[in-house]
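S.K.: First the structure, then my questions, so here it is.
The values are calculated or read from the model by the stated rules, or taken from the named source; none is laboratory data. Quick caveat, the model's predicted, so the values are computed rather than measured. No Cβ is skipped: glycine too gets one built from the backbone with ideal geometry, and neighbour counts run over all protein chains shown. All accessible areas refer to the heavy atoms of the entire protein, side chains included, with ligands and DNA or RNA removed. Shrake-Rupley method; radii C 1.70, N 1.55, O 1.52, S 1.80 Å.
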Amino acid sequence: MRKILLFALFLSSLLWNAAAYAQERCVEVTLTEAGTLAEKIQDMLGSSTEYLLVNGPVDKSDLTFLKNYLITNSSDSKLGTIDLSCARIENDYLPDNAFMDFRGNLHTLVLPEGLKTIGKSTFENSSIENINIPSTLTAIGERAFCKSEISGKIRFPEGLKVIPTEAFLEAQRISLVELPLGIEEIGDRAFAKSSLYDIRNLGPLNKIKKIGEYAFDYVTLLRGIVQTDFWLGRNLEYIGKGAFSNSNIVVYMDIFPLERIPEELCSGSIDMWVVLISEDVRVIGKNAFRYSELEGVVFTGRTIDEIEEGAFRFSLLKDLTLPEETAKLGNNSFADIPTLQKIYCPCVVPPVNEDAFGGLTPNDIPVYIPVGTLEAYSKAPGWDYFTNFVELAEFPGQSGIEDAVADGADAVRVYAEGGRLRITGVEPGTRYTVYTVDGAMISSGIAEAPAALPAGAVYVVKVDGKGYKVKI
């Protein structure tokens with residue numbers, strides 16, 4: 001009996017010590033009034049505290065106390081998680097600069113549902129890794145996560161309409177960002193120099209109206225894992241300089257509603273093998289595709305007022321077909337392209353040329369021009385760089401791809417699967433025609449039995465008068 005009693009005392013002692021240890025590691029505090037956290041909790045936190053749960057109303061002074069406590073005790077504090085899931089943050093607004101420049105052991109911050117705004121620079125240069133995004137969030141301040149160590153997958157709720165200036169600039173540990181389908185604006189340098197492997201909801205159904213300068217500058221997605229394509233659709237009202245410069249996001253401009261492609265838009269871009277330029281475009285801005293890996297360009301319209309200085313310089317173009325009504329080529333717009341193999345220029349009057357060609361661009365490649373224009377081209381400033389003019393009565397038309405506009409709401413699907421072309425959502429017996437991106441027809445047939453096409457290329461498939469771009 002005595003042994004049983006001693007064992008029972010020993011067991012209760014263990015349980016009491018375990019409970020005491022758990023209480024030291026996990027601290028819960030309930031506030032009835034905002035601004036009282038410091039006095040309420042000062043004797044509860046210890047060096048062994050790992051988890052803090054805060055209930056009730058919280059204001060900026062409470063958050064400032066937590067930040068200062070963590071910084072002051074960074075050498076011996078084990079506090080790794082602050083749970084505000086049951087707190088009510090004043091005005092549903094996580095204050096500006098709340099955790100700016102915080103470097104400490106805290107790795108997880110749980111934000112409450114009901115929070116509507118994350119303020120300016122709230123987590124700028126912060127070492128906190130795990131931060132949830134509440135479903136009630138409607139606004140993020142400028143530089144909110146700039147240079148932060150927030151990591152993993154971020155899914156923004158549908159109520160969020162704007163990713164502001166420099167929101168994720170140089171955020172190096174994010175893996176995936178899922179934008180809401182209703183997102184309307186991406187600010188200047190919003191994701192520039194951040195480390196991402198995927199960005200979701202940039203496809204044909206996006207509603208983006210504004211993309212700021214250098215918004216995705218130096219964003220390199222991990223190819224082979226995902227394929228992120230950005231469709232610049234009819235909702236677009238503004239796009240800034242260098243928006244996709246030095247990135248490998250594939251940008252589709254066949255439904256580009258603006259008259260001007262801005263400067264440096266895809267300068268230095270990677271993996272952009274071909275671009276279809278909308279008939280709405282009248283000017284291609286300075287250095288728009290300079291130093292890019294662009295191999296092909298197709299103009300779906302007949303008129304270009306100007307291709308500005310350096311627009312395609314140092315690209316990897318192989319063939320060039322200019323629109324029938326090209327007015328002006330800027331200085332070095334097609335200079336230093338050693339891969340260029342031929343040029344088609346159907347303009348009866350040579351486009352005004354401010355030394356558009358030269359440098360590494362070979363001068364002995366065939367330049368196809370309209371019959372009867374040999375003398376004009378051979379004497380025209382800039383065009384006199386070339387030595388091999390060939391007069392043509394007919395040019396390879398772009399009529400086959402003039403309608404190459406993908407309708408995201410269309411029931412028709414044209415896609416690649418298993419290395420073969422697939423066409424669904426059409427009536428039996430519907431005919432299709434396949435063109436290369438430079439307008440040459442290579443195949444036709446009925447939708448039930450589409451032909452096999454060579455892999456590793458981009459094609460334009462016309463079905464019922466509409467064009468669909470497909471990569472096999």
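S.K.: Given the options 230, 244, name the one that is open to solvent by less than 10 Å² (accessible area, probe 1.4 Å) and outside any loop (DSSP other than H, G, I, E, B).
M.R.: 230 is the lone residue from the list that is open to solvent by less than 10 Å² (accessible area, probe 1.4 Å) and outside any loop (DSSP other than H, G, I, E, B).
S.K.: Between a residue in the range 276-301 that is within 20 Å of residue 318 (Cβ to Cβ) and among the hydroxyl-bearing types (Ser, Thr, Tyr) and any residue that is modelled with pLDDT under 90 and not in a loop (DSSP other than H, G, I, E, B), which pairs come within a Cβ distance under 8 Å, given they are 6 or more apart or on different chains?
M.R.: 300/276; 300/401
S.K.: Let me ask something else about it. Identify the single condition in (1) part of a loop (DSSP other than H, G, I, E, B); (2) of a type outside the set (D, E, K, R); (3) surrounded by fewer than 14 Cβ atoms within 10 Å (Cβ to Cβ); (4) at pLDDT 75 or above that residue 390 does not satisfy, given that it satisfies every other one.
M.R.: Status for residue 390: all satisfied but (1).
S.K.: So which residues in the range 88-105 are closer than 21 Å to residue 39 by Cα and either among the basic types (Lys, Arg) or open to solvent by 80 Å² or more (accessible area, probe 1.4 Å) (or both), if there are any at all?
M.R.: Selection gives 88, 90.
S.K.: Here's another thing I want to ask about it. Are any residues in the range 256-265 more than 16 Å from the chain's Cα centre (by Cα) and open to solvent by 20 Å² or more (accessible area, probe 1.4 Å), and if so, which ones? Full working, then the answer.
M.R.: So the first thing to find is which residues in the range 256-265 are more than 16 Å from the chain's Cα centre (by Cα), and the list is 256-263.
Residues satisfying the conditions are 257, 258, 259, 260, 263.
S.K.: If you take the residues of the range 166-186 that are within 13 Å of residue 123 (Cβ to Cβ) and assigned to a loop (DSSP other than H, G, I, E, B), which of them is most open to solvent (accessible area, probe 1.4 Å)?
M.R.: Of everything passing the filter in the range 166-186, 173 is most open to solvent (accessible area, probe 1.4 Å).
S.K.: Take the range 444-462 and flag every residue that is part of a strand (DSSP E or B), open to solvent by 60 Å² or more (accessible area, probe 1.4 Å) and over 16 Å from residue 425 (Cα atoms).
M.R.: Hit for the range 444-462 is 444, nothing else.
S.K.: Inspect all residues belonging to the range 116-126 and state whether any of them is part of a loop (DSSP other than H, G, I, E, B), on the phi > 0 side of the Ramachandran plot and open to solvent by less than 50 Å² (accessible area, probe 1.4 Å).
M.R.: Looking for residues that are part of a loop (DSSP other than H, G, I, E, B), on the phi > 0 side of the Ramachandran plot and open to solvent by less than 50 Å² (accessible area, probe 1.4 Å), one finds at least one in the range 116-126, hence yes.
S.K.: Hey, among the residues in the range 359-372 that are modelled with pLDDT of 95 or more, out of contact with any Leu (no Cβ under 7 Å at 6 or more places or on another chain) and open to solvent by 10 Å² or more (accessible area, probe 1.4 Å), which one's farthest from residue 306 (Cα to Cα)?
M.R.: Here the answer is 364.
S.K.: Next up: Residue 129 fails exactly one of the following numbered conditions: (1) under 21 Å from the mean Cα position of the chain (by Cα); (2) charged (D, E, K, R); (3) farther than 20 Å from residue 186 by Cα. What is the number of that condition?
M.R.: Result: residue 129 fails condition (1) only.
S.K.: Any residue in the range 130-138 that is in contact with a Phe, Trp or Tyr (Cβ under 9 Å, 6 or more places away or on another chain), in a loop (DSSP other than H, G, I, E, B) and farther than 18 Å from residue 202 by Cβ?
M.R.: Step one: list which residues in the range 130-138 are in contact with a Phe, Trp or Tyr (Cβ under 9 Å, 6 or more places away or on another chain), which gives 131, 133, 137.
Then drop every residue that is not in a loop (DSSP other than H, G, I, E, B), which leaves 133, 137.
If we keep only those that are farther than 18 Å from residue 202 by Cβ as well, we get 133, 137.
Looking for residues that are in contact with a Phe, Trp or Tyr (Cβ under 9 Å, 6 or more places away or on another chain), in a loop (DSSP other than H, G, I, E, B) and farther than 18 Å from residue 202 by Cβ, one finds at least one in the range 130-138, hence yes.
S.K.: If you check 249, 163, which single one turns out to be open to solvent by less than 10 Å² (accessible area, probe 1.4 Å) and within 27 Å of residue 471 (Cβ to Cβ)?
M.R.: Only one candidate passes the filter, namely 249.
S.K.: Further, regarding this structure: Do you know which of the residues in the range 330-358 that are touching a Phe, Trp or Tyr at 6+ places or on another chain (Cβ under 7 Å) and among the polar types (S, T, N, Q) is modelled with the lowest pLDDT?
M.R.: Within the range 330-358, the match that is modelled with the lowest pLDDT is 353.
S.K.: A further question on this structure: For the list (1) open to solvent by 70 Å² or more (accessible area, probe 1.4 Å); (2) more than 30 Å from residue 351 (Cα to Cα); (3) modelled with pLDDT under 80, I need the number of the one condition that residue 427 fails.
M.R.: For residue 427, the exception is condition (3).
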